[in-house]
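> Can you read through this structure? Questions will come right after.
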Amino acid sequence: MAKSDQKKAAALAALCNSSTLTEAAEKAGISRRSLYNYIRQEHDFARAYREIQEAAATAAAEAAEARAAEASSVVQTIMNDEAQPAAVRLKAAQIILESSTKQREKLESITQKCVSDTSGLAFDFGL
C-alpha cells in the first residue's frame, strides 16, 4: 500500500473516532488542510467519509429515538398515576401533547418537502 493510501486509511479510521475534522487530522498524523483536500478532491475518500457520517447520524438518531421512547413511557406512567399530584399529572399530559404536536409538524414538513421535490416530475405509467 502506498504511503498516501496509508495516510488516507488512517484519516478515515480517525474520522470514525473523532468529533471534529481537526481532531481526526491530529489522530491521523496529517494536517487539517490535507484532510480537507482528501474530502474535496478524492472521490472515493469523500464517498467513504459520507458513509461514515451517515452511519454516525443513523446511530445517533436510533439512540435518541430509544431514549425518547423510554422518556415517553415514564411521562405516560406519571400522567396515569393517580397517586401523583394533579399538577404533576397535568404537566406530564402537557409534555405528551407538545411532543405529539412536534411530531405531527415534523411529519407534515417531511410530506411537504416530498411533494415539492416531486412536483416538477412527469410520470409515465404507460396507461
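> Where a Cα-Cα gap under 14 Å defines reach, which aspartates and glutamates qualify for LYS113, not counting those fewer than 8 residues away within the same chain?
Once the sequence-local aspartates and glutamates are set aside, what remains near LYS113 is GLU105.
> Then there is this: Name the lysines eligible as straight-distance cross-link partners of LYS27: C-alpha to C-alpha under 20 Å, and not fewer than 8 places from it in the same chain.
Within the straight-line limit of under 20 Å, LYS27 reaches these lysines: LYS3, LYS7, LYS8.
> Multiplying the sequence separation of ALA68 and ILE39 by 0.36 nm and subtracting their Cα-Cα distance, what value in nm do you get?
7.1 nm
> Tell me, what is a quarter of the convex hull surface for the C-alpha atoms of the chain, in nm² with one decimal?
15.0 nm²
> With r as the distance between the Cβ atoms of ARG50 and ALA2 and R0 = 22 Å, compute the FRET efficiency 1/(1 + (r/R0)^6) and round to 0.05.
0.45
> Scanning the chain for GluC sites (Glu not before Pro) in DSSP loops with at most 16 other Cβ atoms within 10 Å, what's the longest stretch left with none?
Result for the longest clean stretch: 83-127.
Any read-out appearing in this document is the output of simple, stated calculations on the displayed coordinates, not a laboratory observation. Quick caveat, the model's predicted, so the values are computed rather than measured. Cβ sites come from the backbone with ideal geometry, for glycine too, and all protein chains shown count toward neighbours.
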